[in-house]
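Shown next, in structure tokens, is the structure this report addresses.
FYI, it's all coordinate maths here, none of it is from the lab. Computed from a prediction, not measured in an experiment: that's the story for all the values here. Reconstructed Cβ throughout: ideal geometry from the backbone, glycine too, with neighbour counts over all protein chains shown.
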Amino acid sequence: MDYRKFIDQQVEKIRGEVGSCVAITALSGGVDSATVTVLAHRALGARLKTIFVDNALMREGEPRRVARVFKKLGIPVEIVDARREFLDALAGLADPEQKRQAVTDTFYRDVFARSVRESGARVLLHGTILTDIEETLAGIKRQHNILAQLGVDPEQEYGYKVIEPLKTLRKDGVREVARRLGLPAEIAKRIPFPGPALATRIVGEVTEEKLDLVRAATAIVEKELESTKAFQYFAVLLEDRATGIRDGRREFGRIIVVRCVDSKDARKATARRLPWAKLERIAGRISRLPGVNRCLYDLTPKPPATIEYV
Ligand code: XMP
């Protein structure tokens, strides 16, 4: 694959499709949306508006971290506070596909549509990659960012056009494009993070209390496992509870799963054989979080599991 040619072609294509209009990109903190943003900025300059939607489902300190990185690249980022909208949309939903649908609707029908309207943009640029499309079409899970491939016409449904410059690439290809576009390693090499964010790492209903817990566990896992250079590592909060002992008393506590997988492009994955001492250290830190008395390590490959839990 000639990545330099790919970049030139996509820049031209974005210019052609956007014409003299304004376009919007939405950063999620992941490598896909970051790459689309830099590509679109190269194509459109000041005619690109970049937003970061704070959906209450992000990792610790994320909105400010992402805005700081892009400021350094000369790309201003507007943070849109949509925390309440997402929490309200997810309230009472336990089914994985319903949760994904709620995230999709809130992003596209509500938040993006409003940003597009307010900025006068006609086009939204999207970080959809090939794996997202394939898994959605295979019926494995409805990735939050898949529209056209499911017969949704965004122009008719939401009032704006969607362009997906990365839809022929997989994760390894996106990283290569990111590197060539000069994205810093902290973004280009960043582990994948799904669009529906921590909602995919809470089994069952998403609440603020559970988000705080899985966010704190995620911070521990990311810090402890950063040096592994694994494809992806994170924490998941289960819906079940288990009996334990805290301060000499019975506690019916929460269960956190740690996942750390190796993969090339997310189509297949295997659990990393982490050193026992590392696992014990993580389990110790996680079981000190309030109300958590179990920490499990997931050994399941993909397939039959998927990488995320929802
Ligand atoms: P799964 O869980 O399907 O995940 O094995 C494969 C890869 O895709 C990420 N993922 C998503 N990314 N929107 C995204 O942008 C989504 O809805 C979504 N679901 C999963 C996941 O983190 C993994 O890297």
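Near the amide H of residue 122, within less than 5 Å, lie the amide hydrogens of 22, all on another chain or at least 5 residues away, with H placed in the peptide plane. Here the chain is treated with +1 on each Lys and Arg Cβ and -1 on each Asp and Glu Cβ, and its dipole about the Cα centre works out to around 1120 debye.
Each residue of the stretch 106-114 is assigned a 3J(HN,Hα), and the resulting list reads 5, 5, 7, 6, 9, 6, 5, 4, 5 Hz, derived from the Karplus form 6.51 cos²θ - 1.76 cosθ + 1.60 (θ = phi - 60°), x at Gly and Pro. Of all DSSP-defined beta bridges confined to the chain, some 40% are antiparallel rather than parallel. Rounded to the nearest whole Hz, the Karplus-based 3J(HN,Hα) values (6.51 cos²θ - 1.76 cosθ + 1.60, θ = phi - 60°) of the stretch 250-260 follow the sequence 5, 9, 9, x, 7, 10, 10, 9, 9, 10, 9, with x at glycine and proline.
Pull out the extension gain between residue 226 and residue 3, defined as 0.36 nm times the separation in residues minus the alpha carbon to alpha carbon distance; nm, one decimal.
Numbers: separation 223, 0.36 × 223 = 80.28 nm, distance 2.76 nm.
My answer for the length gained is 77.5 nm.
Taking amide hydrogens as placed 1.01 Å from N in the peptide plane, the amide H of residue 202 sits under 5 Å from those of 237, each at least 5 positions away in sequence or on another chain. Please work out the C-alpha center-to-center distance from the stretch 36-71 to the stretch 143-162 and express it in whole Å. When both Cα centres are located, 21 Å separates them.
Where the convex hull is taken over the Cα atoms of the chain, what is its projected area averaged over directions, in nm²?
Working: hull surface 63.5 nm².
Convex hull of Cα atoms, orientation-averaged projection: 15.9 nm².
What list do you get for 129, 51, 7 if you sort them by fewest beta carbons within 10 Å?
Values: 129 26, 51 21, 7 18.
Going from least to most buried by this count: 7, 51, 129.
Expressed in nm to one decimal, what extension gain is obtained for the pair residue 46 and residue 137 from 0.36 nm per residue of sequence separation less their Cα-Cα distance? Display every interim value, and only then the final one.
On the way: separation 91, 0.36 × 91 = 32.76 nm, distance 3.55 nm.
Contour length minus Cα-Cα distance gives 29.2 nm.
Comparing 76, 207, 125 along the charge dipole axis of the chain, the residue lying farthest to the positive side is 76, per the Cβ-charge model.
Put a dot 7 Å past the Cα of residue 152, heading toward its Cβ, do the same for residue 251, and the two dots end up 4.0 nm apart.
The phi torsions of the stretch 295-310, fed into the Karplus equation with coefficients 6.51, -1.76 and 1.60 and a -60° offset, translate into couplings of 9, 10, 10, 8, 9, 6, x, 10, x, x, 6, 9, 6, 7, 9, 10 Hz, rounded to whole numbers, with Gly and Pro shown as x. Between residue 21 and residue 176, what is the FRET efficiency for a Förster distance of 45 Å, r being their Cβ-Cβ separation, to the nearest 0.05? Using R0 = 45 Å, I get an efficiency of 0.95. For residue 28, nonlocal amide neighbours, meaning residues 5 or more places apart or on other chains whose placed amide H falls under 5 Å from its own, are 33, 34.
So between residue 101 and residue 277, what do we pick up on full extension, going 0.36 nm a residue minus the alpha carbon distance?
Values: separation 176, 0.36 × 176 = 63.36 nm, distance 3.97 nm.
That works out to 59.4 nm of additional length.
Work out the length of the dipole vector of the stretch 250-310 about its Cα centre, built from +1 on the beta-carbon of each Lys and Arg and -1 on the beta-carbon of each Asp and Glu, and round it to the nearest 20 debye. Could the numbers behind the result be given before it?
On the way: 14 positive and 6 negative charges, 24 e Å.
Computed about the Cα centre, the dipole is about 120 debye.
Taking a point 7 Å from the Cα of residue 189 along the Cα-to-Cβ direction, the residues of the stretch 218-257 with backbone N closer than 16 Å to it are 223-233.
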